[in-house]
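> Please see the structure below; I have some questions.
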Amino acid sequence: MRYFIQYPAGTGELILDALADQIGNVDVHYQDDSALVFDSTASESQVGAISFVKNAFVVLTGTPRGSIDKGVEQLGRVVGKVQIPRQSPKLNKFRTMIHVDGELSSVNPKSKVALERAIASRTGARLEPRGMCQEYWVVGRLDMRELLLCMRLPKPKRPPKARGAISYELSAMLIHASRPVAREIFLDPFGGSGSLVQARLEMPAREIWYSDRDLREFRPQFPREMVSDKRVRLLADDAMTLSSIPDGKIDVIVTDPPWGEHEDLEGPYPDFAQAMGKSFDRVLHPLHGRFVILCSRRTSDTIAKSMEGASFTVRSSHSILVNGHPATVLIGDRDSR
């Protein structure tokens, strides 16, 4: 089956490995920095449940891209011949979205109405402009030669994130980038609202450690699983010392340290980065310790140099956007030279 997915902007270099871990075979037909069209034998429920995907769709059909109005009109003509996956009986209503080049697009009302009538005739569902219903998207992307008609797959509902917290999708992507294994001890030393720990909880692990010197402030906001799961340890350590953690105890660190923009770091950012590298060097396993660090793009070179100065190697660097802000993901491990 052919699928279309959207994921956090800039993580395209990470997406294929993460997909392979989640659903196995992936045959790519189109990719840009935030979207992918691919064929897979994975089921709709498997693709819809991928934790690091913002939106997932079954591709129903396509038409060569030209005028958006004419493309929508043509999609309406061919819907009657398209096999549409069976919908939940609860979703007997639908609406359409025209999403072209990353944003909602206007279209000739007559073309849209013709498409909606064709979908209604094919599915037996009725049009519902708002509320809970099945969504059909007409999707166009830059450099993609087709307009696609897609059916959006249901996604598990999650509670809203705290303001400023990393999104569920990006948190999951960062965890996958760390190549998690079942018997490891995980640490986020700048735990904050717990986004990365929550994402790590969705996979097997020996222990999952959260640390933040403001633990008392953040703890009342934690979801129940963070305080009830026996794998989780909650620490109130300063990330610059991590005094509760023995030398070499941690297998992997995934974290989002201060970006040096609004925080009081009690000194220049290079000093902060150097102290962080020294702290990570002490607690990470001396042979196989590894890390994934999300930082501002402006400070990424400083952090990379500090990690390399602390006997680590930065294996890859990925430029992404976090809530519109330029950011970098640094992935590395012990220098094996």
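What follows draws every value from the coordinates through simple rules; no lab data is involved. Here the structure is a predicted model, which means the values were calculated and not measured. Positions of Cβ are backbone-derived with ideal geometry, glycine not excepted, and every protein chain shown enters the neighbour counts.
> Can you give me the Rg/Rh ratio for segment 205-337, using Cα atoms for both radii and the Kirkwood formula for Rh? Let's see the in-between values first.
Working: Rg = 15.0 Å, Rh = 15.6 Å.
Here Rg/Rh amounts to 0.96.
> While we're looking at this one, here's another question. Give LYS54/LYS157; LYS70/LYS93; LYS230/LYS278; LYS70/LYS110; LYS249/LYS278; LYS81/LYS155 a once-over and call out the pairs whose C-alpha atoms are over 18 Å from each other.
Details: LYS54/LYS157 12 Å; LYS70/LYS93 25 Å; LYS230/LYS278 29 Å; LYS70/LYS110 10 Å; LYS249/LYS278 15 Å; LYS81/LYS155 27 Å.
The answer is LYS70/LYS93; LYS230/LYS278; LYS81/LYS155.
> Please report, in debye to the nearest 20, how large the charge dipole of segment 2-152 is about its Cα centre when each Lys and Arg carries +1 at its beta carbon and each Asp and Glu carries -1 there.
Numbers: 19 positive and 17 negative charges, 225 e Å.
Roughly 1080 debye, rounded to the nearest 20.
> In nm, to one decimal, how far is the SER167 label point from the GLU261 one, both placed 7 Å along Cα→Cβ?
1.6 nm
> Helix 168-177 sits at what angle to the longest principal axis of the chain, using alpha carbons and giving 0 to 90 degrees rounded to 10?
Here the helix axis deviates by roughly 60 degrees.
> Using a Förster distance of 25 angstrom, determine the FRET efficiency expected from the C-beta separation of ASP69 and LEU91, and round it to 0.05.
Values: r = 28 Å, r/R0 = 1.11.
So the FRET efficiency works out to roughly 0.35.
> To test your reading of the geometry: what angle, between 0 and 90 degrees and rounded to tens, separates the Cα axis of helix 68-78 from the longest principal axis of the chain?
Value to nearest ten degrees: 70.
> Karplus couplings for segment 21-31 from phi (6.51 cos²θ - 1.76 cosθ + 1.60, θ = phi - 60°), rounded to Hz, Gly and Pro as x?
My calculation for segment 21-31 gives 5, 8, 10, x, 5, 9, 10, 7, 10, 7, 8 Hz in order.
> When we measure straight from the Cα of LYS305, which aspartates and glutamates land under 12 angstrom away, once same-chain ones fewer than 8 places off are left out?
ASP271
> Quick check: pseudo-label points 7 Å beyond the Cα along Cα→Cβ at ASP238 and VAL82, how many nm apart are they?
My value for the distance between the label points is 5.9 nm.
> Based on the mean of other beta carbon atoms within 10 Å per residue, what is the order of 189-198, 25-34, 132-141, most packed first? Could you put the intermediate results ahead of the total?
Working: 189-198: 25.1, 25-34: 14.4, 132-141: 19.5.
Output ranking for 189-198, 25-34, 132-141: 189-198, 132-141, 25-34.
> In nm, to one decimal, how far is the modelled label at ASP214 from the one at LEU104, with both set 7 Å along Cα→Cβ?
3.4 nm
> Hey, got the dipole for the chain? About the Cα centre, +1 on K and R Cβ, -1 on D and E Cβ, debye to the nearest 20? Working shown, then result.
On the way: 45 positive and 42 negative charges, 362 e Å.
Value, rounded to 20: 1740 debye.
> Using the Cα centre of segment 12-54 as origin and beta-carbon charges of +1 (Lys, Arg) and -1 (Asp, Glu), tell me which of GLY12, GLN46, ILE23 is placed farthest towards the positive end of the dipole.
Most positive-ward Cα: GLN46.
> Here's another thing I want to ask about it. Only helical DSSP H runs with n ≥ 4 go in: add -39500 (n - 2.57) per run for the chain, normalise by residue count and round the 222 nm mean residue ellipticity to 500 deg cm²/dmol. Write out the running numbers ahead of the final one.
Details: 10 runs with 93 residues, N = 337.
Counting only the DSSP helices, I get -8000 deg cm²/dmol.
> Using the beta-carbon distance between SER228 and VAL181 and R0 = 30 Å, what value does 1/(1 + (r/R0)^6) give for FRET efficiency, to the nearest 0.05?
Values: r = 23 Å, r/R0 = 0.78.
After rounding to 0.05, the efficiency reads 0.80.
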